[in-house]
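Asks: Below is the structure I would like to discuss, written out as structure tokens.
The values are calculated or read from the model by the stated rules, or taken from the named source; none is laboratory data. Keep in mind it's a predicted model, so treat the numbers as computed, not measured. Ideal geometry is used to build each Cβ from the backbone, glycine not excepted, and the neighbour counts take in all protein chains shown. Remember, those area values only see protein heavy atoms, side chains included, never the ligands or the DNA or RNA. Shrake-Rupley method; radii C 1.70, N 1.55, O 1.52, S 1.80 Å.
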Amino acid sequence: MPVETWAEEDGKVALSPGERPLTPEEVRTRYPALGMAVGGERPMRQGLMREYVPVDGTPRAKITDDRFPWKIAEKTTNIADLRGCGLDRWLASYGRVRQGGRRVTRLARPGLPGRSADHCGSSPRKEKDMRKRVCLAAGGSLLAATISLFGAAASASASTTSPVVGYTYLDDNTATANTIAGFDRHADGSLTPIPGSPFAAGGAGLGSGLASQGAIQVTSDGRYLLAVDAGSNQISVLRITADGVPVLVGPPVSSGGTKPVSVAVSGTGLVYVANSGAGGSGYSGFRLNPAGKLIRVPHSAVTVPDVSGLGDVFFNATGDRLIGTRTGTSQIDSFVVLPNGRLLAAHGSPFTGQGLGQLGAEFSPTNPSQLFVSNAHNGAGLGTVSAYNDSFSGQLTSIGSSPYADFQTAPCWVEISHDGRYLFTVNTGSGNISSYSINPDGSLALIGSFTITGGGADIDARLSPDGKYLLVDGAGHNFVSVFAVTGGNLTELPTSPTPLPAGAISSGIVNT
């Protein structure tokens, strides 16, 4: 391809032959932190302009965010130097950069490929209109606020000055027409609804509680959401667009059973669904292809008795083990994942739990053999969490003095810190969250319990990608609660809780 140049007042910068600017989707995939931090509230959206501030009158950019992939935290860097860190491709893909006096002016580069409305958050603009959209910049730290010159962007701006760093999604589980609730997740932990939320999921929800963990999941690359449609026995796949709006990839597909309640997706795109309805209880396997289409894995179905009451299904970090919980019969299914995507039940599976009502569960993110399972139905004040070693062949063996008491009621949902050092379990009956430290051998030590403001009937919980916040689906009172995380201690934010859409009977929660 011919050499493309983008001009500066002090010289030319050329792309070498054969190179091309990254597309917006490539930038988002390769540099997710860059996209969020630089883009502010609506990363990578056409027409949104970024503003910079001067540093002692010189045209420089000061990067103060250590989330950038090139790790130039707290360093004042000349714009030319940023090209070696990868920002050049981001700039090239969105326009020319021109330095002049106290400001840096970025213009839309002609010849960019068209963008669809769902990707950019607005319909494509004509080239001449794009040339009129100019962002003033005058070197310094990247401002949290994004300046919008388009009406769509203005209506989507958050009610807080804290920048948007990601998104939060819940499966609303609404009857007749299921929806997905979407929120902008701000750097200070606060949430504001994404304009247009809730979004159509395509299938039908149940309109009543699912009693499960993991009703909605996000792929490891952050591109797709997978959500159960328990009322229509389907699974929906939605693509996450650049401004956080989830858009259906295609019609929902059959879950391979009745009443899907939980879904798991591995890093390689293997998907398993737990179905918990009469006449169709069990697990079904799929492959999620790069285009977001679910393809059934032949002969992958595993049936279980209808009384099992499946509550959760999930992979370990390496994707070679899969666990399912049977809340109704207090058992744990343990499988080895074969190379063809099918499941091989471990000898002795299902294993009898160490209490009543196995429901929420999770593998340690840092030790794929350490498994933790809640025992939700022991009775008032008798909640416990069990710790197991999961062997290469799927055998479960108890760790230490497991199970470990939290002295609360109905610990139903389990989440583990990204460094594998702390475990949080949401006590649905007590309206609080218990915290444990995880020892290297997998044994647990109770830290304490933390009250959820207005809590009760809380359904699921997930940490933000940076681990700084724990977000709890308070479906019983139709809100989301947010806690700041300091080691194993939790502090609910002043802005918490945030209301969910009217009519939602939400299940599951994920963050990007």
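Asks: I need the phi-derived Karplus couplings for segment 373-378: 6.51 cos²θ - 1.76 cosθ + 1.60, θ = phi - 60°, integer Hz, Gly and Pro marked x.
Replies: Values, residue by residue: 9, 7, 10, 8, 10, 6 Hz.
Asks: Please list the three semi-axes, largest first and in whole Å, of the ellipsoid equivalent to segment 327-413, using sqrt of 5 times the eigenvalues of its alpha carbon gyration tensor. Mind showing how you got there, number by number?
Replies: Working: eigenvalues 116, 35, 23 Å².
Equivalent ellipsoid of segment 327-413: 24, 13, 11 Å, largest first.
Asks: Where a ≥ b ≥ c are the square roots of the eigenvalues of the C-alpha gyration tensor, would you call segment 254-353 rounded, which needs a/c under 1.5, or, failing that, prolate if a/b is larger than b/c, or oblate? Mind showing how you got there, number by number?
Replies: Details: a/c = 1.93, a/b = 1.32, b/c = 1.46.
Because a/c hits 1.5 or more and a/b fails to exceed b/c, segment 254-353 counts as oblate.
Asks: Turning to a different aspect of this structure: What distance in nm separates the simple spin-label points at S208 and T451, each placed 7 Å from Cα in the Cβ direction?
Replies: 3.2 nm
Asks: Count charges around P499 for me, please; just the other residues with Cβ under 13 Å from its Cβ, Lys/Arg as +1, Asp/Glu as -1.
Replies: Summing Lys/Arg as +1 and Asp/Glu as -1 gives -2.
Asks: Okay, next question. For V307 paired with A484, estimate the spin-label separation in nm (one decimal), with each label point 7 Å from Cα along the Cα-to-Cβ line.
Replies: According to this spin-label approximation, the distance is 5.0 nm.
Asks: Moving to a separate point now. Based on the mean of other Cβ atoms within 10 Å per residue, sort peptides 477-485, 341-349 so the most packed one is first.
Replies: Most protected by this proxy first, the peptides run 477-485, 341-349.
Asks: Further, regarding this structure: Please arrange F407, F392 by accessible surface area, largest first, computed with a 1.4 Å probe and ligands excluded.
Replies: Accessible-area ranking of F407, F392, largest first: F392, F407.
Asks: While we're looking at this one, here's another question. Under unit Cβ charges (Lys, Arg +1; Asp, Glu -1), what dipole magnitude, rounded to 20 debye, does segment 310-452 have relative to its Cα centre?
Replies: Rounded to the nearest 20 debye, it is 180 debye.
Asks: Hey, another quick one. Summing Lys, Arg as +1 and Asp, Glu as -1, what charge do residues with Cβ under 9 Å from the Cβ of T425 carry, T425 excluded?
Replies: Taking every other residue near T425 into account, the sum is -2.
Asks: So between K468 and A175, what do we pick up on full extension, going 0.36 nm a residue minus the alpha carbon distance?
Replies: 102.1 nm
Asks: With label points built 7 Å along Cα→Cβ from the Cα atoms of T366 and H418, find their separation and express it in nm.
Replies: According to this spin-label approximation, the distance is 1.3 nm.
Asks: What does the charge count around L343 come to, taking other residues whose C-beta lies under 13 Å from its C-beta (Lys +1, Arg +1, Asp -1, Glu -1)?
Replies: 0
Asks: Put +1 on the Cβ of every Lys and Arg and -1 on every Asp and Glu Cβ in segment 328-433; which of P368, T428, L338 then has its Cα farthest towards the positive end of the dipole?
Replies: L338
Asks: Further question on the same structure: Beta carbons within 10 angstrom, averaged per residue: use that to sort the peptides 440-453, 224-237, highest first.
Replies: Per-residue Cβ counts within 10 Å, averaged per peptide and sorted highest first, yield 224-237, 440-453.
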